[in-house]
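Note sheet for the following structure.
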Amino acid sequence: MILDKVNSPEDLKRLSLEELLLLAEEIRSEIIRVTAQNGGHLASSLGAVELVLALHRVFDSPRDRILFDVGHQAYAHKLVTGRKDRFHTLRKEGGISGFTKVSESPHDAITAGHASTSLANALGMVLARDLMGEDYHVVAVIGDGALTGGMALAALNKIGELQKRMLIVLNDNEMSISENVGALNKYFKELQIRKWVQDAEKLGKNILERISPQLFGLVDRAKEAAKFLLHQENPFYAWGIRYVGPVDGHDLKGLVHILEHLKALDGPTLLHVVTKKGKGYKVAEADPIYWHGPPGFDPKKPEKVSKGYTWSQAFGDAVTELAHMEPRLFVLTPAMREGSGLVRYSLEHPERYLDVGICEDVAVTTAAGLALRGMKPIVAIYSTFLQRAYDQVIHDVAIENLPVVFAIDRAGIVGADGATHHGVFDIAYLRTVPNLQIAAPKDALELRAMLKKALEVGGPVAIRYPRDNVERAPEGVWPEIAWGKWEVLKEGTEAYILAFGKTLRYALEAAGDDPRVGVVNARFLKPLDREMLRELSRYKLLTVEDHQKMGGFGSAVLEALNEMGLKPEVQILGLPDRFFEHGAIPSLHRQAGIDAEGIRKALAAMGVALVHER
Ligand SMILES: CC(=O)c1sc(CCOP(=O)(O)OP(=O)(O)O)c(C)[n+]1Cc1cnc(C)nc1N
Ligand SMILES: [Mg+2]
């Protein structure tokens with residue numbers, strides 16, 4: 001195998017073009033093999049193989065800095081930068097990350113996972129380079145989806161003004177996770193010379209060149225002039241950035257040629273490459289949405305596997321039904337239609353659905369605008385990505401107490417996507433916001449009850465639920481819920497575990513049938529159910545949450561007890577003050593001590609050693 005000879009990008013420079021082409025196919029097979037075992041971002045990484053090889057052929061990483069926006073398309077990059085022997089550990093606990101990670105390799109220029117960060121990072125690097133009088137290239141690879149993020153567009157504006165030497169490679173496959181959205185995306189389609197036109201052009205060139213080189217030269221110059229005119233209103237020109245393209249992102253030879261040329265240019269240049277998401281693997285090319293991030297699969301017989309009924313689907317089913325009952329309901333997603341369970345909703349209520357692109361800030365403030373004019377918006381958003389819109393939650397929604405509902409998916413540890421994707425800060429960053437209420441349902445029925453009630457509350461409400469399966473709730477059933485009230489699931493004589501969401505299962509498992517330990521579904525985190533808390537303050541209390549300990553639910557309980565002048569023995573279980581890497585959710589929960597075992601240990605330390613513990 002040629003890949004056996006590649007231990008660093010240096011080795012790529014010694015390969016012939018034929019060997020490079022063979023290497024691309026070997027890399028594709030290795031990406032498919034390992035993603036089939038471990039799951040991962042298959043289609044994105046398959047689409048970037050030639051681009052990665054061309055970049056590492058032309059540039060000199062790690063001296064030159066090559067940044068990958070989101071970092072999920074960088075499996076080929078990992079394979080040619082000394083990690084091929086560890087590639088089988090991709091996304092596994094203790095293994096290599098599924099994204100680029102500075103601490104993992106000198107070739108990983110940024111730690112990524114959240115979109116749209118590469119251009120501002122690159123801007124910082126070129127400023128540092130020039131201030132320190134150093135001389136290296138900075139290349140940022142950004143997808144058409146990531147380019148819909150405000151951070152990226154704002155960075156372009158600054159990059160164009162400063163005119164620092166850097167190369168931006170737009171990897172345009174017309175896809176985000178779903179089909180890409182936005183005016184720029186439409187513009188790229190117009191700009192792109194369709195494959196069939198490119199082929200026709202190549203055919204025309206061959207014929208014309210044979211007939212009359214002069215005529216060919218004339219036609220070619222006319223085409224270039226037309227393209228130049230076409231590009232004049234090119235937004236990148238407005239941003240002061242040299243635009244080159246669109247070029248075929250799978251033509252390895254052509255990419256190497258053009259990158260060699262662009263490498264010599266000064267100022268900022270954007271090379272627009274057109275790729276096929278899932279390139280080289282038929283099922284992924286045919287359905288880049290499913291194969292964006294499949295769980296494991298049989299590489300010989302790749303089939304879609306059902307992940308079971310999830311909280312996301314329970315949410316999607318609930319809002320789809322709700323929208324028939326509430327004509328002012330409007331659902332927004334920042335580029336996570338599938339992940340947030342909104343495919344059915346988007347088909348049944350297209351006029352009250354909006355995918356804003358990868359810009360959570362725009363999603364939240366657009367919801368504010370909708371609420372100001374009488375609509376009832378729901379922002380469907382992952383906990384980790386809501387971090388991108390914290391000021392918008394405060395400034396545009398909470399201050400005026402607007403009726404916006406935040407359906408916060410992936411709340412808690414999420415597993416293989418690791419530290420950049422765990423949703424473990426939202427309680428802390430939301431509970432300090434006045435007017436905003438926070439709830440966490442124990443099952444799909446309670447989720448339906450909370451969503452329906454939240455639309456009537458009249459102010460902002462955040463409802464958080466985990467990345468997990470859940471038992472389906474019957475359609476058409478809308479139970480009532482005592483808003484703000486906790487629920488005792490099991491009585492106890494000595495201690496009570498206050499839990500919600502996913503940790504409730506651990507609490508019930510830990511308490512078992514021991515009469516001394518009660519379990520409370522503390523489903524309202526703000527406001528807390530102070531009346532029940534006062535009653536329970538006669539017992540020892542153990543709070544448990546799938547969230548950072550600092551600033552979380554347990555902190556809120558302590559603050560409330562303090563304000564009420566109550567001093568029961570309280571222990572808080574939550575994630576310690578560090579980042580959790582990628583790994584299996586149960587294993588990470590065990591490490592954090594928030595699973596049934598951790599709860600039993602904490603109770604034993606409080607003098608309540610459970611019956612089967614004796
Ligand atoms: C991995 C992940 O979380 C991805 S990959 C991806 C699509 C990126 O599209 P792009 O065109 O940039 O790349 P492509 O896959 O090669 O087409 C999204 C929306 N997400 C979720 C997401 C949402 N919001 C933010 C701020 N960051 C991320 N990463
Ligand atoms: Mg894309």
Taking a straight Cα-to-Cα line shorter than 19 Å from Lys78, and setting aside same-chain lysines fewer than 8 residues away, one finds Lys5, Lys13, Lys92, Lys101, Lys277, Lys279
Given chymotrypsin sites (Phe, Trp or Tyr not before Pro), DSSP loops and at most 16 other Cβ atoms within 10 Å, the longest exposed-site-free stretch of the chain is 310-482
Once Lys and Arg are counted +1 and Asp and Glu -1 for all other residues with Cβ under 15 Å from that of Glu563, the total becomes +2
Under the Karplus relation with 6.51, -1.76 and 1.60 and θ = phi - 60°, whole-Hz ³J(HN,Hα) for the stretch 95-106, x at Gly and Pro, equal x, 6, 6, x, 10, 6, 8, 3, 6, 8, 7, x
Relative contact order of the stretch 311-464 (C-alpha contacts under 8 Å, at least 6 apart) in percent is 23 percent
If N is the residue count of the stretch 488-605, its Cα Rg over 2.2 N^0.38 Å rounds to 1.00
Taking Cα atoms only, helix 553-563 is inclined relative to the longest principal axis of the chain by an angle, in degrees rounded to 10, of 40 degrees
Helix 195-211 sits off the longest principal axis of the Cα atoms of the chain, rounded to the nearest 10 on a 0 to 90 degree scale, by 10 degrees
Taking R0 as 51 Å and r as the Cβ-Cβ distance between Glu233 and Ala605, the FRET efficiency 1/(1 + (r/R0)^6), rounded to the nearest 0.05, comes to 0.15
Taking max minus min of the Cα coordinates of the stretch 311-464 on each principal axis, largest first, gives extents in Å of 38, 32, 30
Bridge orientation stat for the stretch 311-464 from DSSP, antiparallel percent rounded to 5, came to 5 percent
Log10 I(q)/I(0) at q = 0.12, 0.24 Å⁻¹ for the stretch 117-177, from Debye over equal alpha-carbon scatterers, is -0.29, -0.96
Note: Gln163 to Glu494 extended length (0.36 nm per residue) minus current alpha-carbon separation gives 112.3 nm
Taking the alpha-carbon centre of each part, the distance from the stretch 301-331 to the stretch 4-70 in Å is 37 Å
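Order these by the 10 Å Cβ neighbour count, fewest first: Ile358, Ile31, Ile394, Ile207.
Working: Ile358 31, Ile31 25, Ile394 19, Ile207 10.
If I rank by nearby Cβ atoms, fewest first, I get Ile207, Ile394, Ile31, Ile358.
If you place +1 on the Cβ of every Lys and Arg, -1 on the Cβ of every Asp and Glu, and leave all else neutral, what size is the dipole of the stretch 311-464 about its Cα centre, to the nearest 20 Debye? Provide the component values of the computation, followed by the final result.
Values: 14 positive and 18 negative charges, 53 e Å.
Dipole size: approximately 260 debye.
In debye, nearest 20, what is the charge dipole magnitude of the chain about its Cα centre with +1 on Lys and Arg Cβ and -1 on Asp and Glu Cβ, if you could check? Display every interim value, and only then the final one.
Working: 74 positive and 80 negative charges, 68 e Å.
In debye, rounded to 20, the chain gives about 320.
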Within the stretch 273-381, DSSP-loop GluC sites (Glu not before Pro) with at most 14 other C-beta atoms within 10 Å are Glu303
With Cα coordinates, the longest principal axis of the chain makes an angle with the long axis of helix 17-38, in degrees rounded to 10, of 10 degrees
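If you average 1/r over all unlike Cα pairs in the chain and invert the result, what Kirkwood radius do you get in angstrom? Mind showing how you got there, number by number?
Working: mean 1/r = 0.0381 Å⁻¹.
After inverting the pairwise mean of 1/r, the radius is 26.2 Å.
Which whole-number percent is the relative contact order of the chain (Cα, under 8 Å, 6+ apart)? If you can, show how the numbers build up before the last one.
Details: 1238 pairs, mean separation 69.4, N = 614.
So the answer I get is 11 percent.
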Amide H contacts under 5 Å for Phe406, restricted to residues at least 5 apart in sequence or on another chain and with H modeled in the peptide plane, are Val379, Val461, Ala462, Ile463
Among Gly113, Met532, Leu20, the residue whose Cα sits farthest towards the positive end of the charge dipole of the chain (+1 at Cβ of Lys and Arg, -1 at Cβ of Asp and Glu, taken about the Cα centre) is Leu20
Here the percent of antiparallel bridges among DSSP beta bridges lying wholly in the chain, to the nearest 5, is 15 percent
Listed by chain and number, the lysines with an alpha carbon less than 22 angstrom from that of Lys540, same-chain partners under 8 positions apart left out, are Lys485, Lys490, Lys502, Lys526, Lys549, Lys567, Lys601
Applied in sequence order to the stretch 445-452, the curve 6.51 cos²θ - 1.76 cosθ + 1.60 (Karplus, θ = phi - 60°) yields integer Hz couplings, x standing for Gly and Pro, of 5, 5, 4, 5, 4, 5, 4, 5
In whole angstrom, the spacing between the Cα centers of the stretch 333-368 and the stretch 159-188 equals 21 Å
Neighbour-count ranking for Ser212, Ser103, Ser116 (other C-beta within 10 angstrom, fewest to most) reads Ser103, Ser212, Ser116
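Just for the stretch 402-529, what percent of DSSP beta bridges are antiparallel, to the closest 5?
If I count the DSSP bridges inside the stretch 402-529, around 35 percent turn out antiparallel.
Any read-out appearing in this document is the output of simple, stated calculations on the displayed coordinates, not a laboratory observation. Given the structure is predicted, the values throughout are model-derived calculations rather than measurements. Because the Cβ atoms are built from the backbone with ideal geometry, glycine has one as well, and the counts that use them run over all protein chains shown.
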